[in-house]
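A.B. asks: Mind looking over this structure? Questions follow.
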Amino acid sequence: MNNRNAESVKEHLARWKALARPAALIAIAWSFAQIAFVFWPQIDMFTQRSLHVSFAVSLAFGLLGERALKPIMAWFWRVLALSALVPGLYISIQSDFLTSGRIQGLDPALPLDYLLGTVLIAMVFLACQRFLGWGLTVFATIFVIYFFVGPYLPQAFAHRYTGIERFIDMEFLSLQGLYGVPTGVSVSTVFYFILFAALYDAFGGGRLIIDFAMTMTGHRVGGPAKAAVVSSGMLGSVSGSAVANVMSTGIFTIPLMRRAGYDARFAGGVEAAASTGAQLVPPVMGAAAFIMADFLQAPYQTIVLAAILPAVAYYIALLLMVDLEARSQKIAPVEDTMKESVCEVLIARGHLLLPLFWLAYRIVVGFPVENAAIEAAAMTIIIGTLRSATQQRFIVVIETLVIAAERSVTVALPCALAGIVVAIISFTGLGTKFTSFMIEVAGGHTVILLVLTMLASLVLGAGMPTTSAYIMAAILLAPSLITLGLEPLAAHFFIFYFAILSMVTPPVALAAYAAAAITKASASGTGWRAFALSLPGFVIPYAAVIHPGLLLVGPVSDTLWAIYSVLVGVSAVAVGIIGWVLRRLPWWERVLFVGIGALSILPGLTTTVAATLLLLGACLYIYLTRVRVQHVVSDST
């Protein structure tokens, strides 16, 4: 007993020592600063946004210092980490003057403004390259170059150059650029939802969701895969990150799927597709959803309500596919996947559902979303502490502050870089020029423009976080869709959906690559399976454009028609992808089912009726021929 107590004390001291790391201290300071913004709302936006960006860059460099192999590089990153805080403090000190005393475009920038602005922008680019790769960094660099070479471009894309002073004035000394709308959403909303998700997981909420999903589906046909779909959808809604969701739920669900008999690539693909789709599941959905609400100038609950039916359709298709795959491969239920019953799980940890219900309720009734997240976080701590099964030490809460800040880096950095691009597009008028260009290329045809927008959104999302991909696509592509008469909510959801699906679209499918790291299967093979499993999701954005009722826009009759059309569509596509229903389907029958799915979502009652009749006829034909086909297959073997 004494040895056990000694080990416990030693472990406890080691955890406190880990919190004394430079990066951990920066993370804790950032979290406390964010909490201070809540309790002292009089802190102006300039101060909040400047400190948010500086803390994000500083923490990124601090984490790079911990990963450095050579001491000299570790010190190099730590020096940069401290230096990154200086511009934020400078803007905070100057915030009153910048807000009310300085006239943008007229008052000259000071030498110190040039120095700190240039240094901070360069640091944001460097941190993004190191943490997020080259995709977004190169993309933003092209826009910066465009700002300076504008006078020398062809007339269609040329703009008036006004010098480095205007660049620093716009990007560093105003509530545009680095401190624009994307950063504003990150500082005022996204950080608090990430903090809630970290606390919820620390107190056992993630374990509750996984156990609940396993008890509900684990004993059924394809149970482990269905549990992966359900748990990833529920937990990913809270975390808002596809890759983080894969790594948190996949370590439990993927081994269970493999043990049940699923192929490694299929198991990884299921987890990746389910985790990616979770960014569509209310109430959290991911950072891009908050930015969409800001773009549309709509209450966040409008976005949440509009997302419900598309999310349900996506997961119905995914559940159908894993069920058909299990039946086609004759994968039997795994009886011992969960020893606890549903009642036992709810008795032990069911009280942790209360913060989730409260969060959803507050958002739907129109309460400010950041306040709803903070309330849910506080409720998680209080309710979790009241029960011995979920009690946590104080150190766990402090560690959660570190985790939340570290996760926020991957949102704050792309938001800052996206803000730079947004300011350039706005200043140069590129958005209007690009809208005209897209409409001209599409020849004014909505269908062609939708296909071009889909492809552009997937390309923009290759290797980029969903937030960045959505922001870029929303600025460059959404105006052209709206110009041709699309409902603004439907246009933005169309882009939002494909920005999310880029996470499972080869050649760069980040969520699938994360799943492959767990399965030890081929990354490209897993990526293609995840892409195939997400294909019914490609139907849904087009359906939302053709049937706005799917987003709860318009009369109830339109919504009911949209629900029926989409369910028929995604179900038919799901059957075609798996290639099995009662028997193995030849290639032409699979193509037929995919075609029925596409036909179902086309406008007009006639097409819906035709798709329904074709689907019923195809199913009847398969039912009548199942014995003969199976007999032929058995004879040939």
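A.B. asks: How big is the dipole moment of the stretch 38-176 about its Cα centre under a simple scheme where the beta carbon of each Lys and Arg is +1, that of each Asp and Glu is -1, and everything else is neutral? Debye, nearest 20, please.
C.D. replies: Rounded to the nearest 20 debye, it is 460 debye.
A.B. asks: Turning to a different aspect of this structure: Which value in deg cm²/dmol, rounded to the nearest 500, describes the helix-derived mean residue ellipticity at 222 nm for the chain, given -39,500 (n - 2.57) per DSSP H run of n ≥ 4 and division by the residue count?
C.D. replies: Calculated mean residue ellipticity at 222 nm is -25500 deg cm²/dmol.
A.B. asks: Using only Cα atoms, locate the centre of the stretch 34-74 and the centre of the stretch 253-286, then give the distance between them in Å, rounded to an integer.
C.D. replies: 32
A.B. asks: Let me ask something additional. What does the charge count near residue 50 come to, summing +1 for each Lys or Arg and -1 for each Asp or Glu among other residues with Cβ under 14 Å from its Cβ?
C.D. replies: Its environment carries a net charge of -3.
A.B. asks: 7 Å from Cα along Cα→Cβ at both residue 164 and residue 382: what's the point-to-point distance in nm?
C.D. replies: Taking the two extended label points, one gets 5.5 nm.
A.B. asks: I would also like to ask the following. Might you report the magnitude of the Cβ-based charge dipole of the chain about its Cα centre, with Lys and Arg at +1 and Asp and Glu at -1, to the nearest 20 debye?
C.D. replies: In debye, rounded to 20, the chain gives about 1480.
A.B. asks: What does the net charge come to around residue 520 if you take all other residues with beta carbon closer than 12 Å to its beta carbon, with K and R at +1 and D and E at -1?
C.D. replies: That works out to +2.
A.B. asks: So what's the net charge close to residue 549: Lys and Arg +1, Asp and Glu -1, counting the other residues with Cβ under 13 Å from its Cβ?
C.D. replies: Charge balance in the 13 Å sphere: -2.
A.B. asks: Going by amide H atoms built from the backbone, whose H comes under 5 Å of the H on residue 508, apart from near neighbours?
C.D. replies: none
A.B. asks: Within the chain, which whole H helices from DSSP have a Cα span along their axis of at least 27 Å and a mean Kyte-Doolittle hydropathy of 1.6 or more, if any?
C.D. replies: Helix filter hits for the chain: 394-428, 556-578.
Each reported figure results from applying straightforward, stated rules to the coordinates on display, with no laboratory input. Bear in mind that the values here come from a model prediction, so they are computed numbers and not experimental data. Every residue, glycine as well, gets a Cβ built from its backbone with ideal geometry; the counts of neighbours run over all protein chains shown.
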